[in-house]
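Scroll down for the structure; my scribbles are underneath it.
Every number in this text was worked out from the coordinates using simple rules, so none of it is lab data. None of these values were measured; they are calculated from a predicted model. Cβ atoms come from the backbone with ideal geometry, glycine included; neighbour counts cover every protein chain shown.
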Amino acid sequence: MKGKPQLFGTDGVRGIAGEYPLDRVTVYKLGIALSSVLRRSDNRRPLCVLLGEDTRESSPWISRLLASGLRSAGAEVVYAGVITTPGVAFLTRHHRFGAGIVVSASHNPYHDNGIKVFSGEGVKLAEGVELETERELAGMKTDAVTEQTLEADASLLHDYVERLARLVEGGPWVAPRRLVIDCANGAASHVVPPLLDRLGIDASVLHARPNGRNINLHCGSLHPERMAEETRARQADLGVAFDGDADRAIFATPDGRTVDGDHVLFTLAPFLQRQKLLKGGAVVGTSMTNLGLEIALARVGIGLKRVAVGDKYVLEEMLRSGINLGGEPSGHIIFSDISLAGDGLITLLEVLRVVAATGEPLSALVHGLKQFPQIIRNVRVRARRPLDSIPEVTTAIEACRRDFGDRGRTVVRYSGTEPLVRVMVEGEEARDVEHHAAVIAGAIRHALGV
């Protein structure tokens, strides 16, 4: 297989709902193509696909078109309704579906949407399968597009909630007295209430009234300020904010300090090491993982392996290296002994486990991590030219790296889900970080900006 997938990005197919590649015809044809490719890859049994979605107003019609395409090419479709992305990943593997599909654009605004596909093992599709699906799609012609009705099987959500509850039963786990939970008006809105009831946790639940357009709107893991303030005001033991499909979790300490994925890894890795449960002697991070975390973990004898941004790459390295903990600053944390997908709810339960077992508040557990000042600038672009082919951009990046030496880092990359270049600069002095981030972003804006 040569080349890289063009339609599939780092997290499935993404776009504006109603526009290519999420127009009605392409979505329907994608269902047909996926069914054909997946059935060929495992022709020992009929293909049965689990389908779930988030709370965007476009998710139901995209789900119906996908299901119609899948069924027209011979697949059976079981519909879970609104459920988290990691919920679909778990149920796909647990119930031995041939594949799982989630209609969601995760942390993006409501007008975007996406199609994430999991293999029967509950992991994202291999690039070879994505390429084969794209080739199938490119050669396909269809005149009629049908849209079938779907009826959700409520037992699937129940199964997922039960699975989460069993993670903490019978262990050294005591729920804090007070929690604040921000559901981002997304899929967590359907999972958190029954889970809280099941575990007997009393929590203040924010942003759990989705209307199709308010998913991630000034709330959730991208906008954790309200959650953090509520955590402080209510004197809660901790707060947590999920994103639209609940594969990310950002926390807050009792004093209202925001805690990102790097803090979570810093909290969990030494605890697991002391329990002799940390495998591989290291954790897996990405190019965006703060240098401060690498230094702090090294002090206690834990290594950090970096990979490209994207939870699929984190998982690949974890499985290759025999490491059972990895994640990203954005709040994607993977516990491979529990799940092969980043799951914000599992992350919450594991953080609660450490708080209970140590008797320490979250603020104390994260105290030893001194993060380097870091800035991320997002530059919207009109085209994706190779960045190393633009002299003014490479000059700005080289100047930054020369100034920082080994006490800072610069990562400049295209987003895998949006028409953006992400510029990350970190170093010991905030003033220098600000300067170089502005210069690099300015060079990209001049060359490629909208």
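Key figures
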| quantity | calculated |
| --- | --- |
| Prolate/oblate/rounded label for the range 159-253 (Cα gyration tensor, a/c 1.5) | oblate |
| Entries in 279/370; 29/279; 116/279; 4/370 that, when Cα-Cα distance is taken, lie over 32 Å | 29/279; 4/370 |
| Contact order relative to length of the range 149-222, as percent, for alpha carbon pairs under 8 angstrom and 6 or more apart | 34 |
| Ranked list, fewest to most other Cβ atoms within 10 Å of each Cβ, for 258, 26, 84 | 258, 26, 84 |
| The chain, relative contact order in percent, only Cα pairs under 8 angstrom and at least six apart counted | 13 |
| Candidates 316, 169, 136: whichever shows maximal mean-square fluctuation once the chain is modelled as a Gaussian network with Cα springs under 10 Å | 169 |
| Whole-Å distance, taken between Cα centres, linking the range 222-289 and the range 374-450 | 27 |
| Relative contact order computed over the range 200-352 (Cα-Cα under 8 Å; 6+ residues apart), in percent | 21 |
| Rounded, prolate or oblate (a/c below 1.5 giving rounded, otherwise prolate when a/b exceeds b/c) for the range 205-281 by Cα gyration tensor | oblate |
| Residue 159-residue 321 pseudo-label distance in nm [points 7 Å out on the Cα-to-Cβ vector] | 3.4 |
| Distance in nm between pseudo-label sites at residue 445 and residue 274 (7 Å out along the Cβ direction from Cα) | 4.6 |
| Sparsely packed trypsin sites (Lys or Arg not before Pro) within the range 27-58, loop by DSSP, other Cβ within 10 Å at most 13 | 44 |
